[in-house]
Amino acid sequence: MKNKIISASYNVTKQLITSHITRIYSTTMTAWNPKEHVHQEIKDLIDRKSPNYTLALFDIIHKLKLQRRTGWINNGIENPESISDHMYRMSIMSWILRSNEISPARCMKISLAHDMAESIVGDITPFDVKIDKNEKHLRELSTIEYLCNELIKPYNPIAAQDILAAWHEYEDQTTIEAKYVKDLDKFEMLVQCFEYEKIYKGKKDLSQFYGCLNEITTDEVSQWAKDLMQERKQYFESLKI
């Protein structure tokens, strides 16, 4: 019996180690290279070295202003919000959090860092049939490492380290701040969704976006979501009058 327990424990440990190694291997071996998706004018800036690393970075981040959020495009929203619109309001939401268990300043940093990679990768949704969740993660990981290690680090290594750490914090959900920001990511989308429902006078069905309500777990953001849903309920009732 003892030998069977030891054997079972060994097999579980072996599976965990194998899974971890596989993830590391996949991360380092992904064929997607962010450098291949940077415009030539930005490459020219980088080739001329510092201080042009910072100018190249600012040019890349500018793409977040232009990239429209895919979920809204797919649902026929005219002139939808950009990725930077989403990140900015998340940052303001982070700023006014009053929970004693978190650092709002850290939440703001995570909010700003969590979608930085989309400046090159683009906004990939869970409904994208060509790019699965793991591939999305690998592309964004290679991109945030490129931005931090090759563009930010030569100018400000401390900032590069902090931004990369904030991105990993969010992806791995290792801190309470990261969990709050994960909830804010969903909540901000719901606020935006309700705004679009009002613009279209309730005639555009966006109900599928509210499926994430039950995934919001932190008390403060959960209360915000309840308040939003109450407001939404009253709005749709008013349309029936």
For the range 102-118, indicate whether the set of residues that are aliphatic (A, V, I, L, M), modelled with pLDDT under 95 and surrounded by 19 or more Cβ atoms within 10 Å (Cβ to Cβ) is non-empty. yes
Hey, among Ser99, Ser94, which residue is closer than 20 Å to Leu190 by Cβ and either without any contact (Cβ under 8 Å) to a residue 60 or more places away in the chain or in contact with a Leu (Cβ under 9 Å, 6 or more places away or on another chain) (or both)? Ser94
For the range 217-241, how many residues meet the condition of being outside any helix (DSSP H, G or I) and within 21 Å of Asp85 (Cα to Cα)? 0
Residue satisfying condition, being over 15 Å from the mean Cα position of the chain (by Cα) and either of a type outside the set (Phe, Trp, Tyr) or at positive phi (or both), within set Glu150, Glu188: Glu150
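Quick grid of which residues meet (1) among the aliphatic types (A, V, I, L, M); (2) surrounded by 20 or more Cβ atoms within 10 Å (Cβ to Cβ); (3) touching a strand residue (DSSP E or B) at 6+ places or on another chain (Cβ under 6 Å):
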site: His137; (1), (2), (3): no, no, no
site: Thr143; (1), (2), (3): no, yes, no
site: Asn149; (1), (2), (3): no, no, no
site: Ala165; (1), (2), (3): yes, no, no
site: Glu171; (1), (2), (3): no, no, no
site: Leu184; (1), (2), (3): yes, yes, no
site: Lys204; (1), (2), (3): no, no, no
site: Ser207; (1), (2), (3): no, no, no
site: Gln223; (1), (2), (3): no, no, no
Do you know which residues across the range 141-163 are within 20 Å of Trp32 (Cβ to Cβ) and in contact (Cβ under 8 Å) with a residue 24 or more places away in the chain? Leu141, Ser142, Thr143, Ile144, Tyr146, Leu147, Glu150, Leu151
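The values are calculated or read from the model by the stated rules, or taken from the named source; none is laboratory data. This is a predicted model, so every value here is computed, not measured. All Cβ positions, glycine included, derive from the backbone under ideal geometry; neighbour counts span all protein chains shown.
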